[in-house]
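The values are calculated or read from the model by the stated rules, or taken from the named source; none is laboratory data. Computed from a prediction, not measured in an experiment: that's the story for all the values here. Reconstructed Cβ throughout: ideal geometry from the backbone, glycine too, with neighbour counts over all protein chains shown. When the accessible area is computed, the model is the full protein with side chains, heavy atoms only, and any ligands, DNA or RNA have been set aside. Shrake-Rupley method; radii C 1.70, N 1.55, O 1.52, S 1.80 Å.
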Amino acid sequence: MTIDPTLIRRMAFPEGRSRPVATPLHPTVVWAAETPDQLDDIYDNPGTGFTYAREAHPNALALAQRLDALEGGQGGLVVGSGMAAVTVALLGCLRAGDHVLGGDQLYGRSLRLMAETLPQMGIETSLADPTDAGAFAAGLRPNTRAILIETVSNPTLRVADVAGIAALAQARGIPLLIDSTFSTPRAVRALDHGADVVIQSVTKLLAGHSDVTLGYVLARDPARMAAMRVLAVTLGLTPSPFDCWLAERGLFTFDLRHDRAEDNARRLADLIAGLPGVKRVIYPGRADHPDHNRARELLGDRTGNMLSFELDGGRAAANALTRAMPDVAFAPTLGDVGTTLSHPPSSSHRALSPENRERLGISEGFFRVSVGIEDFALLSADFTRGIAAAAKA
Ligand SMILES: *Cc1c(COP(=O)(O)O)cnc(C)c1O
């Protein structure tokens, strides 16, 4: 038996008069054009067709359009990770010889980009406290060409003085880059707060199921956005079509997940604050949060799903806690449908000296919780048991 000689001939996908309801998944790397004239036309008119997946593909475009709608902007770009988005945002604004001023409690890898990678490219970097616009004013240099902050910092959940820093950036004509992964567009549409560039790690709450790695970047100025798009294509920061498809599917329930998780976080923060063996709870929605008033102004009621707490005990108490609550994943991520627990001293902040950690208020008993959408009774039982075990250790 010989095999059908036409087997690998590419054919048109069967289509009827009806349309699929779910978004189709397009893993194709290339698109066939009819003629060289048509190909020319597609290159000349971006958005009218596709050529090669690294340049653009339908699943990324569909996701980007939904994220644009959430952020209240247009023309945003989906890239292969949150760090790809941070990289494109920074390199889209900076050249060798320029300076960038960042928040001193940025995401760990962003700090590393500032400390190692950008200086290797001849870009000067320095950090300042984002809760203090005066510190940012003092940190500016004549060659400062970008400011990078996060709305809510990791893991101490300090709330940046976005209004003060935005006013400063605008007065000096410096682009303000805001990574609003922790607050999400449900709480803060960064463009409405003076951001020139918005960054999201879609990996986290937006996709929400711990099964994709994606980022999103949106610049207010179309020329800057076009330059960032070229940079992302050249650097090859392409997102996987399947990840985009999954993320779009996750987005359909984003607001429901967000509100449920936030409600759980509010209740869990109050519960933990009342348990013996707990030194402090950090939640922007609580009156005892150091930036509570600013949180009210910036976030309103959307104080988010993230909380942190500190045990009275040290590492032994921390070990006892995670052992006593095996159903809450001890994993250094956030934004999953299920609650996850992370311990910055042994993960995101392990490279810091104990003194530097102490300065940030991150002791061995410090935990960060990404609260999920479980029934609150389950969470209440888990944390009550875990913290009781820690108190005994
Ligand atoms: C996780 C995270 C990133 C990086 O995102 P990845 O998708 O993991 O690359 C950037 N900024 C913040 C605030 C984050 O939490």
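Structure data summary
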read-out	value
Enumeration of residues in region 1-39 that are open to solvent by less than 80 Å² (accessible area, probe 1.4 Å) and of a type in the set (F, W, Y)	W31
Residue match in region 197-212 (condition: more than 14 Å from the ligand (Cβ to nearest atom) and in the same structural domain as L127 (by TED's automatic domain parsing))	no
Cβ-Cβ under 8 Å pairs, at least 6 apart or on other chains, region 102-118 side free of Cβ contacts under 8 Å to residues at least 40 places away in the same chain, far side assigned to a helix (DSSP H, G or I)	R109/M83; R109/V86; L113/M83; L113/V86; L113/T87; L113/L90; L118/L90
Given (1) open to solvent by 10 Å² or more (accessible area, probe 1.4 Å); (2) away from the ligand (no atom under 16 Å from the Cβ), number of the condition A269 does not satisfy	(1)
Hey, L39 within 16 Å of S201 (Cβ to Cβ) and either assigned by TED's automatic domain parsing to the domain that holds S240 or more than 16 Å from the ligand (Cβ to nearest atom) (or both) or not	no
Residue check for P155: touching a Phe, Trp or Tyr at 6+ places or on another chain (Cβ under 8 Å) and either at pLDDT below 95 or open to solvent by 50 Å² or more (accessible area, probe 1.4 Å) (or both)	yes
Residues within region 223-238 that are in a helix (DSSP H, G or I), touching a residue at least 40 places away in the same chain (Cβ under 8 Å) and out of contact with any helix residue (DSSP H, G or I) (no Cβ under 7 Å at 6 or more places or on another chain), tallied	6
Region 54-74 - residue that is in contact with a strand residue (DSSP E or B) (Cβ under 7 Å, 6 or more places away or on another chain) and open to solvent by 10 Å² or more (accessible area, probe 1.4 Å) and, of those, nearest to the ligand (Cβ to nearest atom)	A60
Elements of type helices (runs of 4 or more DSSP H) in region 299-393, at least 3 residues being surrounded by 16 or more Cβ atoms within 10 Å (Cβ to Cβ)	315-324, 376-392
Matching residues, region 159-196, being of a type outside the set (G, A, S), in a helix (DSSP H, G or I) and open to solvent by 40 Å² or more (accessible area, probe 1.4 Å)	Q170, R172, R186, D192, H193
Top-ranked residue of region 179-190 - restricted to ones that are out of contact with any strand residue (DSSP E or B) (no Cβ under 6 Å at 6 or more places or on another chain) and closer than 23 Å to G80 by Cβ, ranked as farthest from the ligand (Cβ to nearest atom)	P185
Residues that are open to solvent by 10 Å² or more (accessible area, probe 1.4 Å) and either within 11 Å of the ligand (Cβ to nearest atom) or not small (G, A, S) (or both), drawn from region 85-105	T87, L91, C93, R95, D98, D104, Q105
